[in-house]
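Please read the structure below before turning to the comments.
The values are calculated or read from the model by the stated rules, or taken from the named source; none is laboratory data. Since we're looking at a predicted model, the values are computed, not measured. All Cβ positions, glycine included, derive from the backbone under ideal geometry; neighbour counts span all protein chains shown.
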Amino acid sequence: MKYNFSKITLLIVITAIIYSCSPLMRVPDDEMLLVKNEIIVDNQKVANDSIQVLLYQKPNSSFLKIPIRLYLYHLSKKNADSSYVAWLNKKPNRKENLIKLLSEKQVNRLGESFLVKGYSNFFKKVGEAPVLIDENKIEKSKKRLNGYYKNIGYFDNEVKAQIDSVGKKQGKVIYTLVKNEPYIIDTIASIIDTKVIDSMYQSIKSKSYLKRNKKYIVTDFENERKRITNHFRNNGAYYFQENDISYDVYQDTITKKLAVDVKINDRNLTIDEVNYKIPHKIYKIEKVNIYVDNDAIKNKSTITDSLTYNNYTIYGSKKIKYRPKAIANAVFINEGDYYNDNSRYLTTRSLSSLNVFNYPNIDYKESKDSTALITNINLSPLKKYNLNPNVDFIHSNIQDFGISGNLSVTFRNVFRGAELLQVSTRGNIGSSKDLANPKGVFFNLSEYGADAKLTFPRIFFLFPTSRLIKKEMLPSTNISVGLFRQTNIGLDKENVSGIIDYNWTRKINNVSKFELLNLQFVRNLNINNYFNVYGSSYDDLNDIALIYNDNINYENADGNLTPEGAVAFINDVVSGNTALSPNDNPYETVRSIGERRQRLIENYLIAASSFTFSTTNKTDIYDYNFYNLKVKLETAGNVLSLLSNVVEQPYSDNGKRTLFGVEYTQYIKGDFEYIKHWDLGRKRSYAMRGFVGLAVPYGNSNSIPFSKSYFSGGSNDNRGWQPYALGPGSSGGINDFNEANFKMAFNAEYRFPFFGQLYGAFFADAGNIWNVFDNVEDKSYTFNGISSLKDIALGTGIGFRYDFSFFVFRLDFGYKTYNPGRPENDRWFKDLNLGRTVLNFGINYPF
């Protein structure tokens, strides 16, 4: 009761502060605060953001209908300078006394201080001045509305505006627009100066954006201009520009019909300040020259070496260190072809992707033949070697504090074929109060490793792939090996990996990746520390042992199980050497803990292959209306299974086949993720994500390795729960690290601006993990069809984001709105209080 009373008191105080500061305190008596705009088009109210944004004046921004920024602005002084001067002169001798006490300079500086002036400037900056109705801006808004509807064919539209009072010194502006009849395109003619251009236009005009009997829309004319220009420039018209196309539009005000003339003009050329009209020509590529160093580019007389390959000539001021095929394969401008903008763009993109040259420069010059071009491709090489050290300070859900560093060295053009070799070392030391730390050291976790990656700008495979994966798709082959060791979850793992993968881009935003082999060998180095790490499992086991354990050798001086004794007690229970029988609930708990321990401490060998496809329609970083789609299919163990049939190896204690003394893993796994963003205008957006993933063990496995399983919770998942704290199913997240092999997740977020670079978000995250098709049988852990959908958890909350331009810092407050870990009739809204807030930090948006 006392706690609720304090919250109610705080709410009353905040409300009193807000309402004691009237939004009208800075509104003059002869002015009106703009509280609303209404746009009525043909007697219908229009709330479309694309229309509202046309208005020059918008009401003060608000949050939950409270104009917070306006209130902040009112906290500033209207004229801080004059107020300070008035205060100095209010009492006789005040200024003189202050000067004697401080000095004249200090008194003047006091007027610039934060307490006198600075805080006012701060509130003016983060706040928002009252928006007063301005008739001049209303007239400008009317002109904008008139122009907008003219651009979509309503040439005769009529706009009116009126100001209505809605309270003391408050008003709204009502814009009333009558569209009248739209103008329709009736006839389309073309006027083209150059015959060859006319012929090209006639071949593509059937696909024009301009159609007879279609309403006039200005964007159709703009799109048609771009379409024609793209076609011409991709078919030899090197000098053609968009401004060579113009339109004459004739109106019949009686019939509301339009006649359109598409005019394609000759090329404008200015020589010695005299303008000339020159007919457009169609150009072919006569020759392609490639210069591969700065001296050769700047001064052709320094060239001492040249190579020719497939009609490409490569020049260098010293001995050329590149195989000509490697350079030529990245060039799509071919001798004898018509000039083509797409080929130029693709060549630039392909040469850049080699990562051995700076951004290429491509020049075209007319040859002696007036319809031919000589292409000069200028390549400035990057440094042969590049050293890149990096140090970061880390705070995460696992580490309270960490220091990480890496040192990488890049070797370019390793085998003279534009190959890249990257060798790197990395390390991390950190501190976590959540991990077992018997020695009490501050840095109780560490990671270190080394990696080497070799990249080829082509596909290396058993048979030619050029028919399927063309060079226009910018294919590459990566071969990497790595050694990694970590002590960050207490079992101390060692990971040896080797990967061969292929990447290509079918379209600019369609990326494919095929991992031919992803080999991982994971070895646990400190399995005796298991029960120090998984404390909840130990506590459950110890509670049972206090009743059923009869062997004092398993206990310490306090009567609790030692780590070694815990393992021995599990073995006794499963072997029937205690009073527990398989029909007892504690027996099942002990057996489950033992199975989980065995799974997590086992070394495992994974040889996987996978295919990943991702696509997006996002055009640039400022595109807020887009989707992302990612699909991945992975399978593991098939090659090792065949190998184990050939090479005789002993079976493990679990009766599983082994290679090199380690059980190998077999599974098939599929992931599907779809992300969609909607731009709602005025820096507001709505984003959603759906994810479904399933990993099914088979053959030599009856469960999925920990590193390949799914978990739920955390800053990029369900923010009402900490990572690994949700699920599986309705089990209640009782394990230290809860994971399973089936996952569903759905996220939705509404994002909106507060002020400046600070943004807010309301979010809802739903989902859970389950066990399915594996060795877990407990129905609270497993997915049992439609009935298990009631175990989908719901987390909701509010978040704040600060945009630093190069990254976004994110803070989210999550709450368990529907918790499937509670009894079925007690799941809704039981954890919605400040004391159970889940705080999530993150960099950039969660999806």
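If I ask for residues that are closer than 19 Å to Glu634 by Cβ and not aromatic (Phe, Trp, Tyr), which ones from the range 684-698 would you list? Within the range 684-698, Val692, Gly693, Leu694, Ala695, Val696, Pro697 meet the criteria.
Screening Tyr624 on (1) under 27 Å from Glu777 (Cα atoms); (2) of a type in the set (Ser, Thr, Tyr); (3) surrounded by 14 or more Cβ atoms within 10 Å (Cβ to Cβ) shows it passes everything except condition (1). Please verify whether Gly797 is under 27 Å from the mean Cα position of the chain (by Cα), touching a residue at least 40 places away in the same chain (Cβ under 8 Å) and either surrounded by 21 or more Cβ atoms within 10 Å (Cβ to Cβ) or under 18 Å from Gly727 (Cβ atoms) (or both), treating the condition exactly as stated. Yes, satisfied.
Evaluation of Asn390 against the conditions (1) in contact with a Leu (Cβ under 8 Å, 6 or more places away or on another chain); (2) within 28 Å of Tyr322 (Cα to Cα) shows that the sole unmet condition is (2).
Being buried (at least 17 other Cβ atoms within 10 Å of the Cβ) and either over 29 Å from the mean Cα position of the chain (by Cα) or β-branched (Val, Ile, Thr) (or both) is the filter here; which residues of the range 800-841 pass it?
Across the range 800-841, the qualifying residues are Thr817, Pro820, Gly821, Arg827, Asp831, Val838.
Filtered by the rule that a residue be touching a Leu at 6+ places or on another chain (Cβ under 6 Å), at pLDDT 70 or above and assigned to a helix (DSSP H, G or I), the range 97-131 gives Phe123, Val126.
Which residue is farthest from the chain's Cα centre (by Cα), if the candidates are limited to the range 564-618 and must be in a strand (DSSP E or B) and aliphatic (A, V, I, L, M)? Give the steps one after another, and end with the answer.
So the first thing to find is which residues in the range 564-618 are in a strand (DSSP E or B), and the list is 604-616.
Right, trim to aliphatic (A, V, I, L, M) and you get 605-608.
Numbers: Leu605: 32, Ile606: 29, Ala607: 30, Ala608: 27 Å.
The residue in question is Leu605.
For Val159, the criteria (1) outside any strand (DSSP E or B); (2) free of Cβ contacts under 8 Å to residues at least 40 places away in the same chain; (3) among the hydrophobic types (A, V, I, L, M, F, W, C) hold in every case but one, which is (1).
Is it true that Ser575 is within 17 Å of Phe737 (Cα to Cα) and of a type in the set (Gly, Ala, Ser)?
no
Based on this model, can you work out whether Asn340 counts as modelled with pLDDT under 95, outside the structural domain of Gly417 (by TED's automatic domain parsing) and of a type in the set (S, T, N, Q)? Answer is no for this residue.
Residue count for the range 130-159 satisfying the condition of being under 16 Å from Lys36 (Cα atoms) and either aliphatic (A, V, I, L, M) or touching a Ser or Thr at 6+ places or on another chain (Cβ under 8 Å) (or both): 4. Residue pairs whose Cβ atoms lie under 9 Å apart, sitting 6 or more positions apart in sequence or on different chains, and linking a residue in the range 447-465 that is under 30 Å from Asp492 (Cβ atoms) to a partner that is among the aromatic types (Phe, Trp, Tyr), are Glu447/Phe484; Tyr448/Phe484; Gly449/Phe484; Ala450/Phe484; Asp451/Phe484. Checked against (1) part of a strand (DSSP E or B); (2) closer than 30 Å to Gln666 by Cβ; (3) small (Gly, Ala, Ser), Ala764 passes all but a single condition, namely (2). Taking the criterion of being buried (at least 17 other Cβ atoms within 10 Å of the Cβ), polar (S, T, N, Q) and either under 27 Å from the mean Cα position of the chain (by Cα) or in a helix (DSSP H, G or I) (or both), the residues of the range 506-530 that qualify are Ser512, Asn518, Asn529. Screening the candidates Val166, Val159, Val173 for the property of being touching a strand residue (DSSP E or B) at 6+ places or on another chain (Cβ under 6 Å), surrounded by fewer than 16 Cβ atoms within 10 Å (Cβ to Cβ) and farther than 23 Å from His231 by Cβ yields one hit, Val166.
Evaluation of Gln649 against the conditions (1) part of a loop (DSSP other than H, G, I, E, B); (2) in the same structural domain as Trp770 (by TED's automatic domain parsing) shows that the sole unmet condition is (2).
Residue-wise test of (1) surrounded by fewer than 18 Cβ atoms within 10 Å (Cβ to Cβ); (2) basic (Lys, Arg); (3) more than 22 Å from Thr425 (Cβ to Cβ).
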site: Leu468; (1), (2), (3): yes, no, yes
site: Gly482; (1), (2), (3): yes, no, no
site: Thr487; (1), (2), (3): no, no, no
site: Lys493; (1), (2), (3): no, yes, no
site: Ser497; (1), (2), (3): yes, no, no
